[in-house]
1. Looking at region 243-270, which of its residues are away from the ligand (no atom under 11 Å from the Cβ) and out of contact with any strand residue (DSSP E or B) (no Cβ under 9 Å at 6 or more places or on another chain)?
2. Could you say which residue among Ala60, Ala55, Ala48 is under 30 Å from Leu3 (Cα atoms), open to solvent by less than 10 Å² (accessible area, probe 1.4 Å) and touching a Gly at 6+ places or on another chain (Cβ under 6 Å)?
3. Would you check if there is a residue in region 332-349 being within 18 Å of Ala284 (Cα to Cα) and touching a His at 6+ places or on another chain (Cβ under 6 Å)?
4. From (1) open to solvent by 20 Å² or more (accessible area, probe 1.4 Å); (2) of a type outside the set (A, V, I, L, M); (3) more than 17 Å from the chain's Cα centre (by Cα), pick out the condition that doesn't hold for Gly31.
5. Take Lys42 and decide whether it is over 29 Å from Pro179 (Cβ atoms) and open to solvent by 20 Å² or more (accessible area, probe 1.4 Å).
6. Please name all residue pairs, on different chains or six or more residues apart, with Cβ atoms under 6 Å, provided the first residue is in region 180-192 and is more than 8 Å from the ligand (Cβ to nearest atom) and the second residue is not in a loop (DSSP other than H, G, I, E, B).
7. Consider Arg165 carefully, then state whether it is in contact (Cβ under 8 Å) with a residue 24 or more places away in the chain, charged (D, E, K, R) and within 16 Å of the ligand (Cβ to nearest atom).
8. Can you tell me how many residues within region 73-97 are surrounded by 18 or more Cβ atoms within 10 Å (Cβ to Cβ), more than 18 Å from Ile163 (Cβ to Cβ) and in contact with a Gly (Cβ under 8 Å, 6 or more places away or on another chain)?
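The values are calculated or read from the model by the stated rules, or taken from the named source; none is laboratory data. Quick caveat: nothing in here was measured; it's all calculated off a predicted structure. Glycine also receives a Cβ, built like all others from the backbone with ideal geometry; neighbour counts cover every protein chain displayed. We work out accessible area using only protein heavy atoms, side chains counted, and drop any ligands, DNA or RNA first. Shrake-Rupley method; radii C 1.70, N 1.55, O 1.52, S 1.80 Å.
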Amino acid sequence: MSLPPLVEPATELTVDEVRRYSRHLIIPDVGMAGQKRLKNAKVLCVGAGGLGSPALMYLAAAGVGTLGVIDFDVVDESNLQRQIIHGQSDVGRLKAESAAASVREINPLVEVVIHNTALTTENVMEIFSGYDLIVDGTDNFATRYMVNDAAVLLGKPYVWGSIYRFDGQASVFWAEHGPCYRCLYPEPPPPGMVPSCAEGGVLGVLCASIGSIQVNEAIKLLTGIGDPLVGRLMIYDALEMKYRDVKVRKDPECVLCGKNPTVTELLEDYEAFCGAISDEAAEAATGSTITAQELKAMQDNGENIFLVDVREINEYEIVSIPGATLIPKGEFLNGSALEKLPQDKKIVLHCKSGARSAEALAIVKSAGFSDAVHVGGGVLSWVKTVDPSLPSY
Ligand SMILES: [Zn+2]
């Protein structure tokens, strides 16, 4: 399937532009017309993180005239393993500003628009409407569904990518010509089922593999060349070194882009739609959540507690709370953890951020440990508020 170019060509290229883009200009399929289209193009990159880094850098180098970057986060040391648009001296700096500085250094002819804000249901429609194409580099389901819904409602195409450990996926969603993200994934996964990269890790260079596919598809859509990844899902396995693509059909029953849509405007709350934690976990955690400082006080007072770290061993080896026993969450799910818990001590669970420990808490409480609690904010909160000398991750 070939599609018409998304963008009309700019009237001309300057002498500087002709020199800079000469290796594009001599490709017959791109040529002067294609480069002029790139010059006229407005592309928004959602997130200046793992996928946003290579995407922004190559889009800038390619001569996309206007590049928007939206991110509210600041650069953390643990980002530098893969978010190569940021450097050591950017740690602590706003990601959107750090990314914009790199883009300007790569190509001063690009106009950078900084959106130093979180993407929300209040601003997404207005922000998206200023761009021809969206590149989605988000790392969570709530934002992903919101990006999809806004793009479909505005009739805009977007290039989606996702990464986890050694596995990556990419596709182009454009409801006018093919399926949307909801056609592929009608329901968000159950809370706690799909670990994030922060929980499960990601091979740094995987970002480049998937981010470069996203830029490749963006350039094809903007200039109208090649066979776009509309209606196809690209699946990449870095360990096997295999790419394969599978057909994705438009779902006629899709609630958003199907024949009789029931979602005709943005949802009120995407976090609630995707459920940060399950209802059971939320219920178990209510009134049974302590702070890291309260845990420290319990330890200092010699209270009779049994502290359980429900993370994975790799995480435990990076940083752990003194006195914690490692019993990964999977052992709670299969029931084998319960026999390891003493009956005569108060059970205190923790994980990295408090989501997994809340899931485990629901299991522990329903097994009869009614006074069990978990640590809100987990190890991250411990490092921040109790012992900043420990590493964060
Ligand atoms: Zn759909």
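1. Asn260, Thr262, Thr264, Glu265, Leu266, Leu267, Glu268, Asp269, Tyr270, listed by residue number.
2. Ala55
3. Yes, because at least one residue in region 332-349 is within 18 Å of Ala284 (Cα to Cα) and touching a His at 6+ places or on another chain (Cβ under 6 Å).
4. (1)
5. Judged against the criteria, Lys42 is not a match.
6. Note: pairs meeting the criteria are Pro188/Phe141; Pro188/Cys274; Gly192/Glu359.
7. For Arg165, the condition - in contact (Cβ under 8 Å) with a residue 24 or more places away in the chain, charged (D, E, K, R) and within 16 Å of the ligand (Cβ to nearest atom) - is not met.
8. Here the count works out to 1.
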